[in-house]
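Chemist: My questions will all concern the structure given below.
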Protein chains: 2
Amino acid sequence: MSDPHLTLEQTHALAMRILTRHRIGEAQAQAIADTVTHAERDECKSHGLFRIPGYVKAAKSGKADGHAVPLIKDLAPGVIHIDSKRGFAPLALKTAYAPLIERTRQQGIAAAGITNTHHFAALWPEVETLAGHGLVAFAFTAALSYVAPAGGTKPLYGTNPMGFAWPRQGHSPLVFDQASSASARGEIQLHLRDGKPIPEGWALGPDGAPTTDPEMALKGAQLCFGGYKGAAIALMVELLAGALIGDLFSFESTAADNGDGGPPTGGEFLLCIDPAKTNGAGSNALAHAEKLFEAIMAQPGTRLPSDRRYEARKRTPEEGITVAPVLYEELQRLAAQ
Amino acid sequence: MSDPHLTLEQTHALAMRILTRHRIGEAQAQAIADTVTHAERDECKSHGLFRIPGYVKAAKSGKADGHAVPLIKDLAPGVIHIDSKRGFAPLALKTAYAPLIERTRQQGIAAAGITNTHHFAALWPEVETLAGHGLVAFAFTAALSYVAPAGGTKPLYGTNPMGFAWPRQGHSPLVFDQASSASARGEIQLHLRDGKPIPEGWALGPDGAPTTDPEMALKGAQLCFGGYKGAAIALMVELLAGALIGDLFSFESTAADNGDGGPPTGGEFLLCIDPAKTNGAGSNALAHAEKLFEAIMAQPGTRLPSDRRYEARKRTPEEGITVAPVLYEELQRLAAQ
């Protein structure tokens, strides 16, 4: 028997049905269902329907408020602040877009700090959305402590992703979205499930020594990608998504978390630049950038960071998606409750 | 016989004497001599007096203009542009600081694009200077093509450093400044000189295969740190220091260079944020950040990225610096011409 199959419309409807039955209001649920459906559309399974049970857990435990209405505040001509009021990140992001885009076009550069939020998705949706409006966009968020600092052996940083998007004329934006850790935590869990050793360089055991044993890795500390340089990026992400905007560091989020399995509380930092306002030569930044992309693609073996997602996006609106049977059962149970 | 020894004052005077004797005017020479002396002070030898012959070469060949006066232009409330007019970067940076700091305090966030310049130093001087004024600072610059894109085998990107600084109360700023390449080009050259193989992961040979032979590495392509994630950072740096501000990509700088051995033409992008304008909780971002630094330092084996430079900085004002004999001879020759 083949895996359960859904159209993107059915995916969205299933997400809505579950979320709204579990203490999440219409507005928050719509924003979450959009994010989850977009992840399935792009075949980013780990941020798709797989996340729905976690959203439900955080709402049911009362850690997150599924009925929260984000509050926008001006901090400076180029800086806005969105208090997510313990709601989930997707609605806070949706709230941030219009004023952030407007400020960026006015000022040439602008930033938004989103605090008091529960982020449980990738960062490419937000940077791609902003770049869809012709802006260069960055996003940073921290999370639960899993990753050792440079030279250290104990968890301190989150997996601390950063997202970046560059707008393209007549083409979807160039986007990357990458954790500062060498691997996603889920990849280590998959190795454990499959009884396979993890590659060297991913983690230290609880004794502080390098390990290829996924069980020891999960009890110990993950490592940053690229050694001390990746650790510097992780540190930067902590500062931007934490102290800079007035939210928690990963180790503080961990201390504050109730362990319900849903997304912890934390912050997200968005930064936007209008490439029509930064080009000192008065030339077209976007047209110029295409020459770089051509030079990259002229080398065999290369691809642009977001190409794989865009290829999936061509297929799934017609072909639909499949859901792992165990997850599908869990979703059906949640939908029926 | 021990290596030649100089005080920091003598270092600065020697740099000034050489630069002003070789077609570099007083203002440019002062800014370069400051930068070079600060590098020697912090024991960053590869950006110290070692760079003086390169500045001279670029001025003598006419590639750079040692008498250029940078021109500031407003592009938006949060964006300024500095046309370096073919001058060296240190004076353009000095010109950028005051207006960039002022804009950042007004707007909360601001950026400066420096174009048409010759950058031949590290990025920590500029981000540390800006953070010394209480601002969070980023700097990005591209350079000659030495580094392959993700999946590719031929040089395309520069070593593409990014610098980041976070201001600290009662302490020098936290600063990192790191190339997107796995190693500095100079490190490969040192391995060649010493007849030692380079570590795996640094480079590909001209045939596109991984190599540990430094000679093949220099003829082939360097690799980014941390695989495709470091390559994404390199790509971002190209876009920010190139198309965004209206300057060249690394491969275009390479094509435009006259091969005189001095710094090529290119751009630099500076971005500043005022942490007093971004904290949505109204709390003190800098005081909060100290808790993260304490948590890092509480783990044995850790240090903050800039600590080594700051330790050197305590010693060299009293102890002075030493200069490699071969370099010292070359500098004496240039000073006497």
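The values are calculated or read from the model by the stated rules, or taken from the named source; none is laboratory data. Keep in mind that this is a model prediction, so the values were computed, not measured. Every residue, glycine among them, receives a Cβ derived from its backbone with ideal geometry; neighbour counts consider all protein chains shown. Heads up: the accessible areas ignore ligands, DNA and RNA and are worked out on the full protein's heavy atoms, side chains in. Shrake-Rupley method; radii C 1.70, N 1.55, O 1.52, S 1.80 Å.
Chemist: Scan segment A:19-50 residue by residue and report those that are outside any helix (DSSP H, G or I) and of a type in the set (Lys, Arg).
Modeler: Once the filter is applied, which keeps residues that are outside any helix (DSSP H, G or I) and of a type in the set (Lys, Arg), segment A:19-50 yields A:21, A:23.
Chemist: Could you check segment B:73-101 and list, in sequence order, the residues that are within 13 Å of chain A (Cβ to nearest Cβ) and among the hydrophobic types (A, V, I, L, M, F, W, C)?
Modeler: B:75, B:76, B:79, B:80, B:82, B:92, B:96, B:100
Chemist: How many residues does segment B:147-176 contain that are part of a loop (DSSP other than H, G, I, E, B) and farther than 30 Å from residue B:207 by Cβ?
Modeler: 2
Chemist: Looking for something touching a Leu at 6+ places or on another chain (Cβ under 9 Å), in a strand (DSSP E or B) and either on the phi < 0 side of the Ramachandran plot or open to solvent by 10 Å² or more (accessible area, probe 1.4 Å) (or both) - is there at least one such residue anywhere in segment A:126-135?
Modeler: Within segment A:126-135 (the criterion being touching a Leu at 6+ places or on another chain (Cβ under 9 Å), in a strand (DSSP E or B) and either on the phi < 0 side of the Ramachandran plot or open to solvent by 10 Å² or more (accessible area, probe 1.4 Å) (or both)), the answer is no, since none of the residues qualifies.
Chemist: Just to be sure I understand, how many residues within segment A:51-101 are in a helix (DSSP H, G or I) and among the aromatic types (Phe, Trp, Tyr)?
Modeler: 2
Chemist: Ok, one more. Looking at this structure, is residue B:49 crowded, with 21+ Cβ neighbours inside 10 Å and within 24 Å of residue B:184 (Cβ to Cβ)?
Modeler: Considered against the rule, which asks whether it is crowded, with 21+ Cβ neighbours inside 10 Å and within 24 Å of residue B:184 (Cβ to Cβ), residue B:49 comes out as yes.
Chemist: State yes or no: is residue A:170 out of contact with any helix residue (DSSP H, G or I) (no Cβ under 9 Å at 6 or more places or on another chain) and modelled with pLDDT under 95?
Modeler: Spelling it out, residue A:170 is indeed out of contact with any helix residue (DSSP H, G or I) (no Cβ under 9 Å at 6 or more places or on another chain) and modelled with pLDDT under 95.
Chemist: OK, next. Is segment B:77-95 home to any residue that is open to solvent by 10 Å² or more (accessible area, probe 1.4 Å) and in contact with a Phe, Trp or Tyr (Cβ under 8 Å, 6 or more places away or on another chain)?
Modeler: The answer is no; no qualifying residue exists.
Chemist: Say whether the condition of being part of a loop (DSSP other than H, G, I, E, B), surrounded by 14 or more Cβ atoms within 10 Å (Cβ to Cβ), at the interface with chain B (Cβ under 7 Å from one of its Cβ atoms) and at pLDDT 95 or above is met by at least one residue in segment A:278-292.
Modeler: Yes, because at least one residue in segment A:278-292 is part of a loop (DSSP other than H, G, I, E, B), surrounded by 14 or more Cβ atoms within 10 Å (Cβ to Cβ), at the interface with chain B (Cβ under 7 Å from one of its Cβ atoms) and at pLDDT 95 or above.
Chemist: Which residues, taken from segment B:145-155, are open to solvent by 10 Å² or more (accessible area, probe 1.4 Å) and either within 7 Å of another protein chain (Cβ to nearest Cβ) or out of contact with any strand residue (DSSP E or B) (no Cβ under 9 Å at 6 or more places or on another chain) (or both)?
Modeler: Listed by number, the residues that qualify are B:150, B:151, B:153, B:154.
Chemist: Also: Name the single residue, out of those in segment A:102-118 being in a helix (DSSP H, G or I) and open to solvent by 10 Å² or more (accessible area, probe 1.4 Å), that is nearest to the other protein chains (Cβ to nearest Cβ).
Modeler: The selected residue is A:107.
Chemist: Would you mind finding the one in B:76, B:110 that is in contact with a Cys (Cβ under 7 Å, 6 or more places away or on another chain) and outside the structural domain of residue B:34 (by TED's automatic domain parsing)?
Modeler: The match here is B:110.
Chemist: Looking at the structure I just gave you, is residue B:32 open to solvent by less than 10 Å² (accessible area, probe 1.4 Å) and either out of contact with any helix residue (DSSP H, G or I) (no Cβ under 9 Å at 6 or more places or on another chain) or touching a residue at least 12 places away in the same chain (Cβ under 8 Å) (or both)?
Modeler: For residue B:32, the condition - open to solvent by less than 10 Å² (accessible area, probe 1.4 Å) and either out of contact with any helix residue (DSSP H, G or I) (no Cβ under 9 Å at 6 or more places or on another chain) or touching a residue at least 12 places away in the same chain (Cβ under 8 Å) (or both) - is met.
Chemist: Still on this structure, I have one more. Looking at (1) assigned to a loop (DSSP other than H, G, I, E, B); (2) at pLDDT below 95, find the lone condition where residue B:186 falls short.
Modeler: Checking residue B:186 against (1) assigned to a loop (DSSP other than H, G, I, E, B); (2) at pLDDT below 95, the one that fails is (1).
Chemist: Looking only at residues that are part of a helix (DSSP H, G or I) and surrounded by 15 or more Cβ atoms within 10 Å (Cβ to Cβ) in segment A:311-321, which one is farthest from the other protein chains (Cβ to nearest Cβ)?
Modeler: A:316
Chemist: Does residue A:202 satisfy being over 21 Å from residue A:227 (Cβ atoms), aromatic (Phe, Trp, Tyr) and either in contact (Cβ under 8 Å) with a residue 12 or more places away in the chain or open to solvent by 50 Å² or more (accessible area, probe 1.4 Å) (or both)?
Modeler: no
Residue-wise test of (1) surrounded by 18 or more Cβ atoms within 10 Å (Cβ to Cβ); (2) under 26 Å from residue A:61 (Cα atoms); (3) within 11 Å of chain B (Cβ to nearest Cβ); (4) not hydroxyl-bearing (Ser, Thr, Tyr).
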{"residue": "A:209", "(1), (2), (3), (4)": "no, no, no, yes"}
{"residue": "A:218", "(1), (2), (3), (4)": "yes, yes, no, yes"}
{"residue": "A:226", "(1), (2), (3), (4)": "yes, no, yes, yes"}
{"residue": "A:234", "(1), (2), (3), (4)": "yes, no, yes, yes"}
{"residue": "A:258", "(1), (2), (3), (4)": "no, yes, no, yes"}
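Chemist: A follow-up question, please. Sort through B:308, B:303 and tell me the only one that's within 22 Å of residue B:123 (Cα to Cα), open to solvent by 60 Å² or more (accessible area, probe 1.4 Å), assigned to a helix (DSSP H, G or I) and within 14 Å of another protein chain (Cβ to nearest Cβ).
Modeler: Going through B:308, B:303 in turn, the sole match is B:308.
Chemist: So which residues in segment B:136-146 are in a loop (DSSP other than H, G, I, E, B) and more than 13 Å from the chain's Cα centre (by Cα)?
Modeler: Correct list: B:144, B:145, B:146.
Chemist: While we're on this one: In segment A:217-236, what residues are among the aromatic types (Phe, Trp, Tyr) and within 18 Å of residue B:293 (Cβ to Cβ)?
Modeler: A:228
Chemist: Looking for whichever is small (Gly, Ala, Ser), in contact (Cβ under 8 Å) with a residue 12 or more places away in the chain and more than 22 Å from residue B:248 (Cβ to Cβ) here; the options are B:64, B:58, B:110, B:89. Which one fits?
Modeler: Result: B:110 is the single residue among B:64, B:58, B:110, B:89 that is small (Gly, Ala, Ser), in contact (Cβ under 8 Å) with a residue 12 or more places away in the chain and more than 22 Å from residue B:248 (Cβ to Cβ).
Chemist: Look at residue A:270 and say whether it is open to solvent by less than 50 Å² (accessible area, probe 1.4 Å) and within 9 Å of chain B (Cβ to nearest Cβ).
Modeler: When the stated conditions are applied, residue A:270 does not pass them.
Chemist: Using the structure shown, decide if residue B:324 is aliphatic (A, V, I, L, M), under 30 Å from residue A:151 (Cα atoms) and surrounded by 12 or more Cβ atoms within 10 Å (Cβ to Cβ).
Modeler: no
Chemist: Ok, one more. Of all residues in segment A:237-256, which are open to solvent by 30 Å² or more (accessible area, probe 1.4 Å) and either outside any helix (DSSP H, G or I) or at the interface with another protein chain (Cβ under 10 Å from one of its Cβ atoms) (or both)?
Modeler: Hits for segment A:237-256 are A:248, A:251, A:252.
Chemist: Would you check if residue B:98 is under 30 Å from residue B:308 (Cβ atoms), without any contact (Cβ under 8 Å) to a residue 12 or more places away in the chain and not acidic (Asp, Glu)?
Modeler: When the stated conditions are applied, residue B:98 passes them.
To keep it simple, each residue is scored yes or no on (1) aliphatic (A, V, I, L, M); (2) closer than 30 Å to residue B:70 by Cβ; (3) more than 26 Å from the chain's Cα centre (by Cα); (4) assigned by TED's automatic domain parsing to the domain that holds residue A:114.
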{"position": "A:267", "(1), (2), (3), (4)": "no, no, no, yes"}
{"position": "A:299", "(1), (2), (3), (4)": "no, no, yes, yes"}
{"position": "A:313", "(1), (2), (3), (4)": "no, no, no, no"}
{"position": "A:335", "(1), (2), (3), (4)": "yes, no, no, no"}
